[in-house]
1. If you count only protein heavy atoms with a 1.4 Å probe, what accessible area per residue comes out for the chain, rounded to a whole Å²?
2. Please give me the summed charge of the neighbours of residue 156: other residues whose Cβ is under 9 Å from its Cβ, Lys and Arg +1, Asp and Glu -1.
3. Taking the inverse of the average 1/r across all pairs of different Cα atoms in segment 58-109, what Kirkwood radius in Å do you get?
4. As a check on your grasp of the helix formula, calculate [θ] at 222 nm for the chain: sum -39500 (n - 2.57) over DSSP H runs of n ≥ 4, divide by the residue count, round to the nearest 500.
5. For the Cα atoms of the chain, what angle does the longest principal axis make with the long axis of helix 19-29, in degrees from 0 to 90, nearest 10?
6. List the equivalent ellipsoid semi-axes of segment 148-206 in whole Å, largest first, each obtained as the square root of 5λ for an eigenvalue λ of the Cα gyration tensor.
7. Pairing the Cα long axis of helix 69-83 with the longest principal axis of the chain, what angle in degrees results, from 0 to 90 and rounded to the nearest 10?
8. Extension gain residue 100-residue 208, at 0.36 nm per residue separation less the Cα-Cα distance, in nm?
Amino acid sequence: MEDKRFLGKVAVITGGTRGIGLATVEYLARRGARVALSSRKAEACKAVQQRFEAEGLDCIAVPGHAANDADVARLVDEAVSAFGGIDMAIANAGINPVFDPLTEVAEDSWTTVMDTNVGGPRRLARHALPHIAGRGGGAMVCVSSVNARVGMIGSGAYGVSKAALEQMVRQLAVEWGEQGVRVNGVAPGTTATDMIRALQGRPGFMDTILGGTPLRRIADPEDVAAVIAFMASDGARHVTGQTVVVDGGQTISRG
C-alpha cells in the first residue's frame, strides 16, 4: 500500500541538500509532504529542487545559511508563500570545522560553531514555530549527535554545541507545548555521510567503529531520516522534549 502519511503537510528543513538532511527531504516528499529546504550552496539547492520537480514532488529550495537570521526568515516566508503554512520544522544544518582541544579552540571558531549549531535551530524556531502553532500545532525536530552525551577527543566545541541544542529542545518543548507544538531531537551516531566516507579508507577506522557498535554496522542517512520523520509525525503526538539516539548501540557499549 502506498505510504502517504504526510499528505497535505508542509515541512521546512535546513541543511537539506546532502546526507541526513537530503535523506529526510526524500523521505517526507515521497510520502506526500511539501518541502522547503535550504543550504548554503545555491547550486546544490537548484540541483535538488530540479530533481524532485522532475519526479513530480513538491519541493522548493531556498539558498541560505542557518547562522544568518535573514536567510532563515526567508526560508520560512517562502515556504508559507508557496505552500500556505508550515506543519514541521527540521533543524538539520550543523558544522564541525575544528578538532582542537576545548581550551585551545580559537574564539572565532567557537563563535561560528555555536552560532550555527545552536543559534541556527533557535532562529528556525523563532520564525517557524508561530506558523506551526497557527496551524493548530505540529512538530519541530532538531538533529543533535551522540557527541552531546560522551566526551570525545577532537569533538570539544561540536559536542558542547550539541549538548546545548538538546537543552534547547527541552526548553522549547516547555515554552510551546500549550500551543500544540512538540519539539524533539534525534541524535545520530556514526552515519554514512560524506565526512565518514572520507575516513573509511583510514587503516583500522571502520574496525574500531564497528567493534564498538553492537549492531556491527553504521547508519545509512535513511535510517536517521526515518526516525526524524517519525518524531515529526502524529505517531509521536504525545512525545515532546526528548532526544532519541540512533546509533546502533554505540553509546551503550564498551566495545
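1. Working: 12060 Å² over 255 residues.
Accessible area per residue: 47 Å².
2. On the way: positive: none; negative: 100, 104.
Around residue 156, the surrounding residues sum to -2.
3. Numbers: mean 1/r = 0.0738 Å⁻¹.
Averaging 1/r across every pair of different Cα atoms and inverting gives 13.6 Å.
4. About -14000 deg cm²/dmol.
5. So the inclination is approximately 30 degrees.
6. Details: eigenvalues 205, 36, 10 Å².
Taking √(5λ) for each Cα gyration eigenvalue gives 32, 14, 7 Å.
7. 40
8. Details: separation 108, 0.36 × 108 = 38.88 nm, distance 2.13 nm.
Extra length from residue 100 to residue 208 when fully extended: 36.7 nm.
The values are calculated or read from the model by the stated rules, or taken from the named source; none is laboratory data. In this text the structure is predicted, and so the values were computed from the model without any measurement. As a convention, Cβ positions derive from the backbone with ideal geometry for all residues, glycine included, and neighbour counts pool all protein chains shown. The area values use the complete protein model at the heavy-atom level, side chains included, leaving out ligands, DNA and RNA. Shrake-Rupley method; radii C 1.70, N 1.55, O 1.52, S 1.80 Å.
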